[in-house]
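Worksheet: one structure, shown below.
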Amino acid sequence: MEITQTAKENKEKILPNQKTSLEETDPELLEIMDNFIFDETQQHNTLTYRTTTLITLAALITNQSQQLYMKILEGAIDNGIKPIEIKEVLYQTIPYAGLSKVYDFIDLTNQVLDEKGVDVPLPGQSTTNRNNRKEKGYQIQTQYFGKENIDAMKENAPKNQEHLYDFLESYCFGDFYTRTGLDDKDREIITFSIIASLRGCENQLRGHTGGNLSVGNTKEDLISAVTVLLPYNGFPRTLNALAIINEICDAQ
């Protein structure tokens, strides 16, 4: 087997001048993966390079793939992805994958930014404060998922669980979704990619499939997302996500 010319060209763009020990130790595997990642999946990807890169970084964080993340990150910066966008991917991942999965990647990202001559901290992107974060989060929730659905979820919560839905409103949506640096379409397809990369979160994926449609992402966008993330997520999670895409989008 040989690496196709398309795969070579795409790999050089995405991972410019990067080498891997697999060239010496596992050349057959490298040929298979290079052709699949940089040629075959790209033939069915309608997303921009920017969006593809952002969701790939989010999936690699979720999957705890530090070495691949570093490679994609360096290529992203070299190809003009803004540092603020990369940082916002990290922050957006926290309420869904958890701080324990993201924490080390913040340090790794700061190391790469420093090597590239980017000073941190970057300019702040927060638009809320302790007084209005809950209200602003609620506004985004109702915009994405419908006021009736959000109100029913809160009203049906048992008394000893209400605080978790308050956290969802103020912390997840009030603290993170209100930030600048990424727009609504970015945040929802990134969130979809994070949840699709987790295990056992199909109910949440249903909600955010609908959320993506609400902010203007399409069924084709979501199919492209699971396609380019297939090499990192594997077939079971990909096919689960595809089934949910078909279920929710076809019901619209």
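The values are calculated or read from the model by the stated rules, or taken from the named source; none is laboratory data. Just so it is clear, the structure is predicted and the values come from calculations on it, not from any experiment. As a convention, Cβ positions derive from the backbone with ideal geometry for all residues, glycine included, and neighbour counts pool all protein chains shown. Areas reflect the complete protein model, heavy atoms only, side chains present, ligands, DNA and RNA absent. Shrake-Rupley method; radii C 1.70, N 1.55, O 1.52, S 1.80 Å.
Summary table
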{"quantity": "Segment Asp26-Asn149, length gained on full extension (0.36 nm per residue, minus Cα span)", "calculated": "39.2 nm"}
{"quantity": "Counted charge near Gly200, where neighbours are those whose Cβ lies closer than 14 Å (Asp, Glu -1; Lys, Arg +1)", "calculated": "+2"}
{"quantity": "Cα extents of the chain along the three principal axes, largest first (Å)", "calculated": "60, 44, 29"}
{"quantity": "Shape metrics for region 1-137, restricted to C-alpha atoms - Rg then Dmax, Å", "calculated": "17.1, 61"}
{"quantity": "On Cα atoms only, tilt of 99-115 relative to the major axis of the chain in degrees", "calculated": "50"}
{"quantity": "Cross-link pairs Lys71/Lys219; Lys101/Lys159; Lys87/Lys116; Lys101/Lys134; Lys19/Lys101; Lys101/Lys154 - those with Cα-Cα distance over 20 Å", "calculated": "Lys71/Lys219; Lys101/Lys159; Lys101/Lys134; Lys19/Lys101; Lys101/Lys154"}
{"quantity": "Kirkwood Rh, Cα atoms: Rg over Rh of region 112-252", "calculated": "1.01"}
{"quantity": "Point-to-point label distance, Asp107-Glu220, nm (Cα→Cβ direction, 7 Å offset)", "calculated": "4.4"}
{"quantity": "In Hz, Karplus ³J(HN,Hα) per residue of region 119-136 (6.51, -1.76, 1.60; θ = phi - 60°; x = Gly, Pro)", "calculated": "7, 10, x, 7, x, x, 10, 5, 10, 10, 9, 5, 8, 10, 4, 5, 4, 5"}
{"quantity": "Percentage of interatomic Cα-Cα distances in region 69-117 larger than 18 Å", "calculated": "24"}
{"quantity": "Angle between the chain longest axis and helix 5-14 axis [Cα atoms, degrees, rounded to 10]", "calculated": "50"}
{"quantity": "Solvent exposure of the chain as accessible area per residue, Å², 1.4 Å probe", "calculated": "51"}
{"quantity": "Helix-only mean residue ellipticity at 222 nm for the chain, each DSSP H run of n ≥ 4 adding -39500 (n - 2.57), per residue, nearest 500", "calculated": "-21000 deg cm²/dmol"}
{"quantity": "Angle in degrees between helix 66-78 and the longest Cα principal axis of the chain, rounded to the nearest 10", "calculated": "90"}
{"quantity": "Label-point separation in nm, Leu99 to Phe167, each point 7 Å along Cα→Cβ", "calculated": "1.1"}
